[in-house]
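Only one structure is covered here, and it is reproduced in the block below.
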Amino acid sequence: MKILVINSGSSSIKFQIIDRDSEEMVASGLLERIGISDGRMKYKCGEKKIVVDKPIPDHETGLDMVLTTIVDPEIGAVKSLDEIGACGHRVVHGGEKFTSSVLIDDEVLRGLEEVSDMAPLHNPANIMGIKAAMKKLPGIPNVAVFDTAFHQTMPKVNYLYGLPYKLYEEYGMRRYGFHGTSHQFVAQRTAEILEKPLEDLNIITCHLGNGCSLTAIRGGKSIDTSLGYGTFCGVVMGTRSGDVDPAILFDLMENKGWTLEQIKTMVYKESGLLGISEISMDMRDIEEKMFAGDERAKLTFEIFADRIRKYIGSYAATLGTLDAIVFTAGIGENGWELRELICDNMDVFGIKLDKEANQVKGVEQVISRPDSRVSILVVPTNEELMIARETVRLAL
Ligand code: ADP
């Protein structure tokens, strides 16, 4: 039996087919520019790859293309759609309503629509993917897996801002956190690698991709995380600023003639690695320039590392004791020079990096020295597999 994992964006659908028993990914693909005249589907099954350029007017048509392709006798991943036992969907925001993954029925769908405003760029698109799957694969269970759910265990002390309490009561304004599926996946894997029960471990997970967040995990439960109500706070990211003093934003609007739209564009799309370096949002480009002697690239790299160090320090204090720090996602898994800078001179926390072991990219590895009190690990994330597991747990 296979699980179809769908991550549906406003103009895209990412999908994977994962074998239930072996947990292997048997096929994957990406549909882009849905609703825009020149759509594209990229699909891969083992060695076989295709790219199809044709208009994809909506998500239903997109899913039709996926279903036709995965049963194709030449390039397909399954003989018939009967092999698909369930669909797992990534849903960005579950608000306070969804504290764990759920099997989707009409009532859940209504609940999803209720919390949709919390992530207006993402949730409506996720719902489109769910509705398309319910229509095109009738009779197959659908499961929603939320980016926010893992963080619903945070205590109030950590999820409330220092703002008037009524903002929380009236509008649900609080820290929610994101990347939960990834933080949970790598925390579970860390316990397996260290051969210790997850319940006994205090872990800081560092998800460093285009979006970045750190999470403090006690006994397998998120107790604090660096993304918040929205998705631009915390550490510096590819194009997002991370924490800023709101006084700067007020000043820009009050005295420098900036509009709200300009401010939003700046903090979400023009800041972070891109904004500081004026080179690129991609860490590989920053590193290349830095190694060629570019001072701004070096400064960008150092700011990025500094903010992560500060969050590690703060979460070590929150946790009280620390057993492991885990690096994951594009930069966390590959950027060994960055990991070296982050872990440099962290003796105060008992963090000692094995510089040789650290020189790995994209593979699971313990990178701390034997005399380090805290284990340091690289653990490649696999959000799709986590979604498939949750789908099996709830639907099959
Ligand atoms: P997303 O959040 O979109 O899933 P990824 O997890 O793929 O992003 O991470 C993208 C980031 O990972 C980019 O900044 C990219 O430069 C970085 N990255 C990928 N490979 C490397 C590498 N070999 N060295 C350093 N950074 C890398």
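Read the figures in this text as sums done on the coordinates, not as results from a lab. Keep in mind that what you see is a predicted model, and the values were worked out from it rather than measured. A quick note on method: Cβ atoms are made from the backbone with ideal geometry, for glycine too, and the neighbour counts reach across all protein chains shown.
Some values worked out for this structure:
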quantity	calculated
Failed condition for Glu96, given (1) surrounded by 21 or more Cβ atoms within 10 Å (Cβ to Cβ); (2) within 20 Å of the chain's Cα centre (by Cα); (3) not aromatic (Phe, Trp, Tyr)	(1)
Filter result (part of a helix (DSSP H, G or I), under 21 Å from the mean Cα position of the chain (by Cα) and more than 16 Å from the ligand (Cβ to nearest atom)) within region 315-351	Tyr315
Verdict on Arg309 being surrounded by fewer than 16 Cβ atoms within 10 Å (Cβ to Cβ) and away from the ligand (no atom under 16 Å from the Cβ)	no
Some residue of region 359-370 being more than 24 Å from Ala191 (Cα to Cα), within 16 Å of the ligand (Cβ to nearest atom) and of a type in the set (Asp, Glu)	no
Selection from region 1-54 of residues that are touching a residue at least 40 places away in the same chain (Cβ under 8 Å) and farther than 28 Å from Ala119 by Cα	Met1, Lys2, Arg20, Glu23, Met25, Val26, Ala27
Residue within region 157-172 that is within 21 Å of the chain's Cα centre (by Cα), under 22 Å from Thr318 (Cβ atoms) and buried (at least 24 other Cβ atoms within 10 Å of the Cβ) present	no
Where Ala297 falls short, out of the listed (1) surrounded by 19 or more Cβ atoms within 10 Å (Cβ to Cβ); (2) within 14 Å of the ligand (Cβ to nearest atom); (3) under 21 Å from the mean Cα position of the chain (by Cα)	(3)
Unique match (being more than 19 Å from the chain's Cα centre (by Cα) and crowded, with 17+ Cβ neighbours inside 10 Å) among Ile84, Ile36, Ile6	Ile84
Filter result for Asp21 (part of a loop (DSSP other than H, G, I, E, B) and within 15 Å of Glu83 (Cα to Cα))	yes
Cross-chain or 6+ apart pairs with Cβ under 7 Å, region 264-293 first and more than 21 Å from Phe250 (Cβ to Cβ), then among the acidic types (Asp, Glu)	Ile279/Asp285; Glu287/Glu337
Within region 237-263, tally of residues that are within 16 Å of the ligand (Cβ to nearest atom) and free of Cβ contacts under 8 Å to residues at least 60 places away in the same chain	5
